[in-house]
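Trainee: Structure in structure tokens, see below.
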Amino acid sequence: MLQTIRERAQGWIAWVIVILITIPFALWGIQEYLGVGGETVAAKVNGADITERELDTNFQRFRTQLRERLGASYKAGLIDDRLLRQQVLNSMVRAELLMQAAIAQNMQAPDAMVQQAIAAIPAFQKAGRFDYPSYEQGLRLQGLSPDIFFQRMRGNMVVDQLGNAIRESEFSTGREVDAFVRLRSQRRDIGYLLFSVDASLTDEKPAEAAVKEHYEGHRDAFMTPERVKLEYVELSAEELAAQVKADDQVLTAYLEGHADDFRLPEEYHARHILVTVKEGKEEEARAKAEKLLARVRGGEDFVQIAKKESEDPGSAEKGGDLGFFGASVMEQAFEKSVAGLKPGETSELVRTLFGFHIIQLLEKRGGGKADLAAVHDRVAAAYAKEEGQKLFYEKAERMADLAYENPTSLEPIVKGLGLPLKQSEWITRTGGEGSLNSPKVVNAAFSGEVLGQGNNSEAIELGQEHMLVLRAVNHENPAPRPLEEVRKEIEEALRRERAVKLAAGKGQKALERLKSGEAVDALAGEASKLEKPGLLDRFAQEAPPPVIREAFRLPRPAQDKPSLGSARLENGDFAVILVGAVQDGVADPKTGTDKIGAELAAGLGERYFENYVGALKERAKIEITPSNPKSE
């Protein structure tokens, strides 16, 4: 049919057809004509579109980076995807605003500058030089083309120019630096009365009405966790290797092909005479050793000389015999000398940390091909590992295909690959046991694909040569725990809540009495303890952080009485704080104030830059589509 069309579509009729086809392509592009253009817009920033596809890509990339950064600490259930998506959208809006501002300021990054910056990225280098294969692989892992990455780099560099120009416009005056040093390095004489919650605890049981009221008002705190039971198929090179069986004929053939990996180690049987070196007696020891060597060379019995003259208490009685030893047992100089001898030969003097040695090699063994009996277990383990790896890679791709082609069952994987179907116990969002204690498994188990749609997960890579496919077989939503089950928890919480109030009440009364003029020592017996750590700076560890923070908020004390304040500690304890004196900070004469001035200017510059970004957002027209979280 195509040939017929070609033959008849000649002359002016053909041109009319071509023009009619070309017009929609020219006006809307081929994407619109084929129905794949007109992407959904997530946000508009001064008329510039941020598409849903761009937002999804950045969101997925950010979530992956977050998971990799947190490692085992990553818990899918603790992360709200909506809030995370909002943060990503906010950052994209911010980036677009800065790009627009930079372009408006005619800021540019020439191609050569961008190329130089890319070449300087360590991940794209080998031996300190740009490596194109590493560059390609890095972009491939990020799902980026070279053109897109190049333009992103250019955009980042232009935005950096704008940010640096604003940040570096700030400076600090001498007066500001002096005030900063005076406050940052200030020290205060701090004391505090501590009223402990534990000291206020009683055994009195809370009223039943209070227990029920607390239970009804805090139901969310007494919910069972959401949990799921899974069935899964696990593919592991290690497990496959454990199933590999091989007879001696197979292992012998494997050994022949890998002989160098199983060579017997060289071992030496030697004896020696040692002359130790006392401090300052190097030449004297050498002279003695040379005389002993001359006696050996002259034909005297090595064994008898060693028994009488050797200063090695471990071998002298045995005629210097060291038995057989392998590599990395003796000092390097000793081993090197032995390796150069033939059986029956005697070395020259060998100097080690122990002194001067005269060494005689008696026997050498090993260093050749091993027979199967000598290395059977090692060969069997190596063969099984290699075969397990081969089986893994043969099955891995097939496993991923079967999971995708049969989304509602794991049976095709079980039958097709001969793997066991495993069952889990209940798993919460904190993870399960063994292979199921992985953030990747938790993310998949509680995903919409698996939990919502009832499908298999994708093949999850848990590590090198280890993967898993799962599906949910049972699911329980969070549910309230019965009152009787949580009664003890509630009673303990109410008792502690009452103790916190009692401790705070005692502390407040003590504070009022101090303000009325009573001495702190007179109140010490009523507190759990009186602490007087003395002069502390803002970063001191000698007092609880809430005490330090409040102490530095208080006004300077008058000459005749301290400044007074209070703070509640993280554990509920109540502290009444006294500040008796203040010592202003001074600059270190060795370092001066230049570095402090630079740090202060950098901080001011960063704050000025954030104010600039805020002003851009206030003036901008930012439209967020209803399906996305509002930008802040």
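Trainee: Restricting the search to region 530-557, which residues are of a type in the set (Phe, Trp, Tyr) and free of Cβ contacts under 8 Å to residues at least 60 places away in the same chain? First the steps, then the outcome.
Mentor: Going through region 530-557, the residues of a type in the set (Phe, Trp, Tyr) turn out to be 539, 552.
Scanning region 530-557 gives a single hit, 539.
Trainee: Which residue, of 521, 560, is assigned to a loop (DSSP other than H, G, I, E, B), of a type outside the set (Ser, Thr, Tyr) and either at negative phi or in contact (Cβ under 8 Å) with a residue 24 or more places away in the chain (or both)?
Mentor: Numbers: 521 fails: assigned to a loop (DSSP other than H, G, I, E, B).
From the options 521, 560, the qualifying one is 560.
Trainee: Can you tell me which residue in region 273-307 is surrounded by the fewest Cβ atoms within 10 Å (Cβ to Cβ), limited to those that are among the β-branched types (Val, Ile, Thr) and touching a strand residue (DSSP E or B) at 6+ places or on another chain (Cβ under 7 Å)?
Mentor: Looking at the filtered set, the residue picked out is 276.
Trainee: Modelled with pLDDT under 90 and over 30 Å from residue 614 (Cβ atoms): is that true of residue 135 in this structure?
Mentor: On the way: modelled with pLDDT under 90: yes; over 30 Å from residue 614 (Cβ atoms): yes.
When the stated conditions are applied, residue 135 passes them.
Trainee: Name the residues in region 282-341 that are outside any helix (DSSP H, G or I) and more than 26 Å from residue 366 (Cα to Cα), would you?
Mentor: Filtering region 282-341 down to residues outside any helix (DSSP H, G or I) leaves 298-301, 310-315, 319-331, 340-341.
Residues satisfying the conditions are 298, 299, 300, 301, 310, 311, 312, 313.
Trainee: Also, quick follow-up: Of the conditions (1) under 47 Å from the mean Cα position of the chain (by Cα); (2) hydroxyl-bearing (Ser, Thr, Tyr); (3) at negative phi, residue 328 fails just one. Which one is it?
Mentor: In the conditions (1) under 47 Å from the mean Cα position of the chain (by Cα); (2) hydroxyl-bearing (Ser, Thr, Tyr); (3) at negative phi, residue 328 misses (3) alone.
Trainee: Please enumerate the residues belonging to region 182-228 that are acidic (Asp, Glu) and part of a helix (DSSP H, G or I).
Mentor: 198, 208, 213, 216, 220
Trainee: Can you pull out the residues in region 486-510 that are within 14 Å of residue 577 (Cβ to Cβ) and in contact with a Leu (Cβ under 6 Å, 6 or more places away or on another chain)?
Mentor: 510
Trainee: Okay, next question. In region 517-543, which residues are under 20 Å from residue 556 (Cα atoms) and of a type in the set (Gly, Ala, Ser)?
Mentor: Matches in region 517-543: 517, 519, 534, 540, 543.
Trainee: Let me ask something else. Just to be sure before I move on: is residue 531 touching a Phe, Trp or Tyr at 6+ places or on another chain (Cβ under 7 Å) and more than 24 Å from residue 181 (Cβ to Cβ) in the structure I sent?
Mentor: yes
Trainee: May I ask you to list the residues in region 419-477 that are closer than 20 Å to residue 242 by Cβ and part of a loop (DSSP other than H, G, I, E, B)?
Mentor: Of everything in region 419-477, those that are closer than 20 Å to residue 242 by Cβ and part of a loop (DSSP other than H, G, I, E, B) turn out to be 419, 420, 421, 433, 464, 465.
Trainee: Condition check: in contact with a Ser or Thr (Cβ under 6 Å, 6 or more places away or on another chain) and either in a helix (DSSP H, G or I) or surrounded by 13 or more Cβ atoms within 10 Å (Cβ to Cβ) (or both). Does residue 567 satisfy that? Break it down stepwise before answering.
Mentor: Working: in contact with a Ser or Thr (Cβ under 6 Å, 6 or more places away or on another chain): no; either in a helix (DSSP H, G or I) or surrounded by 13 or more Cβ atoms within 10 Å (Cβ to Cβ) (or both): yes.
It is false that residue 567 is in contact with a Ser or Thr (Cβ under 6 Å, 6 or more places away or on another chain) and either in a helix (DSSP H, G or I) or surrounded by 13 or more Cβ atoms within 10 Å (Cβ to Cβ) (or both).
The values are calculated or read from the model by the stated rules, or taken from the named source; none is laboratory data. Since the structure is predicted, the reported quantities are computational estimates derived from the model, not experimental observations. Neighbour counts run over all protein chains shown; Cβ positions are idealised from the backbone, glycine included.
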